1. Can you run down the residue pairs with Cβ atoms below 6 Å, 6 or more apart or on separate chains, where the first is in segment 199-211 and closer than 21 Å to residue 20 by Cα and the partner is acidic (Asp, Glu) and more than 7 Å from the ligand (Cβ to nearest atom)?
2. Is it the case that residue 133 is crowded, with 16+ Cβ neighbours inside 10 Å and assigned to a helix (DSSP H, G or I)?
3. Among the residues of segment 131-154, is any farther than 17 Å from residue 19 by Cβ, without any contact (Cβ under 8 Å) to a residue 24 or more places away in the chain and within 14 Å of the ligand (Cβ to nearest atom)?
4. Of everything in segment 198-215, what is of a type outside the set (S, T, N, Q), more than 7 Å from the ligand (Cβ to nearest atom) and open to solvent by less than 20 Å² (accessible area, probe 1.4 Å)? Give them in sequence order.
5. Please identify the pairs in which a residue from segment 84-110 that is touching a residue at least 12 places away in the same chain (Cβ under 8 Å) has its Cβ atom under 8 Å from the Cβ atom of a residue that is part of a helix (DSSP H, G or I) and open to solvent by 80 Å² or more (accessible area, probe 1.4 Å), counting only partners at least 6 apart or on another chain.
6. Filter segment 27-44 for residues that are in a helix (DSSP H, G or I), exposed (fewer than 13 other Cβ atoms within 10 Å of the Cβ) and not hydrophobic (A, V, I, L, M, F, W, C) and give the result.
7. For segment 143-152, state whether one or more residues are at pLDDT 95 or above and open to solvent by less than 30 Å² (accessible area, probe 1.4 Å).
8. Can you name every residue in segment 45-62 that is open to solvent by 70 Å² or more (accessible area, probe 1.4 Å), in contact (Cβ under 8 Å) with a residue 60 or more places away in the chain and under 21 Å from residue 141 (Cβ atoms)?
Amino acid sequence: MEQTVEQKLQALFDLQSIHTQIDKIRQIRGELPVEVADLEDDVVRLETRIQKIKTALDDLEDAIVTRKNTMKDAAAAIKKYEAQLNEVKNNREYEAISKEIEIAGLDIQVSEKKIKEFTYEITVKTEEYEKELADLDGRKKDLEGKKAELDVITAETQKDEEDLTKKATKAETQIEERLLFAYNRLRGNAKNGLAVVTIQRDSCSGCFNQIPPQRQSDIRQRKKIIVCEHCGRILVDEEFAGIQQTA
Ligand SMILES: [Zn+2]
């Protein structure tokens, strides 16, 4: 069955009205889904960083234990060498053992220095660790709050959105393919999601540019599909808005 231009315009206008309602619902939900996703990313990132710091701290503790063992071994060696010194038979032997004692003594000094360094690093990293933990705690609380907020809004709007989406699918069947394609492209390109707009105060309500009187009169005739010269949106007269509101 062949539609009149007026019927085509009405079908386009109806589809636009449904889509505008869906857009409003999504606006209410707004940035929340993105905020929740961002916070989830933050939590994962912080947990990874905290795990890294924890590993570094464990490594430092291990390194201190190793150094302490080195010191113990060196101290034991010194004791042993000192006992040997009492039994040396010649000067060369004495010097050789003295050298060993000196080396073991240096080992102890180096280890002491390293332990000091590691202990300082542990203090710094522990501070960092606690700061990140507190940060993680904060992010987790934010995430919980935003998630709860999103859940409430989703529960409130999901049914409406589903119903409207079904309505839109049905409304689309009333529009010929070529027009629907043009509509979808216009809607996709428009920031405000409007592909079909009314005349408002002698202007296009999509881009707010003036519409010449002759063109307005042509639009009101509803004899052909007329688009805005400036933004390309499909124009309908004010009456359509009225019809929609009472429907
Ligand atoms: Zn326009």
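The values are calculated or read from the model by the stated rules, or taken from the named source; none is laboratory data. This structure is a prediction, so every number in the text was calculated from the model and none was measured. Cβ coordinates were reconstructed from backbone atoms using ideal geometry, including for glycine residues, and neighbour counts include every protein chain displayed. Quick note on the areas: whole protein, heavy atoms, side chains included, nothing else; ligands and nucleic acids left out. Shrake-Rupley method; radii C 1.70, N 1.55, O 1.52, S 1.80 Å.
1. 199/237; 199/238
2. Values: crowded, with 16+ Cβ neighbours inside 10 Å: no; assigned to a helix (DSSP H, G or I): yes.
Taking the combined requirement at face value, the residue does not satisfy it.
3. no
4. Let us first name the residues in segment 198-215 that are of a type outside the set (S, T, N, Q), namely 199, 201-202, 204, 206-208, 211-213, 215.
Imposing the further condition that a residue be more than 7 Å from the ligand (Cβ to nearest atom) reduces the set to 199, 201-202, 208, 211-213, 215.
Scanning segment 198-215 gives 199, 211.
5. Between residues of segment 84-110 that are touching a residue at least 12 places away in the same chain (Cβ under 8 Å) and residues that are part of a helix (DSSP H, G or I) and open to solvent by 80 Å² or more (accessible area, probe 1.4 Å), the close pairs are 85/94; 101/82.
6. Scanning segment 27-44 gives 27, 41.
7. yes
8. If the condition is that a residue be open to solvent by 70 Å² or more (accessible area, probe 1.4 Å), in contact (Cβ under 8 Å) with a residue 60 or more places away in the chain and under 21 Å from residue 141 (Cβ atoms), then 47, 49 are the ones that fit.
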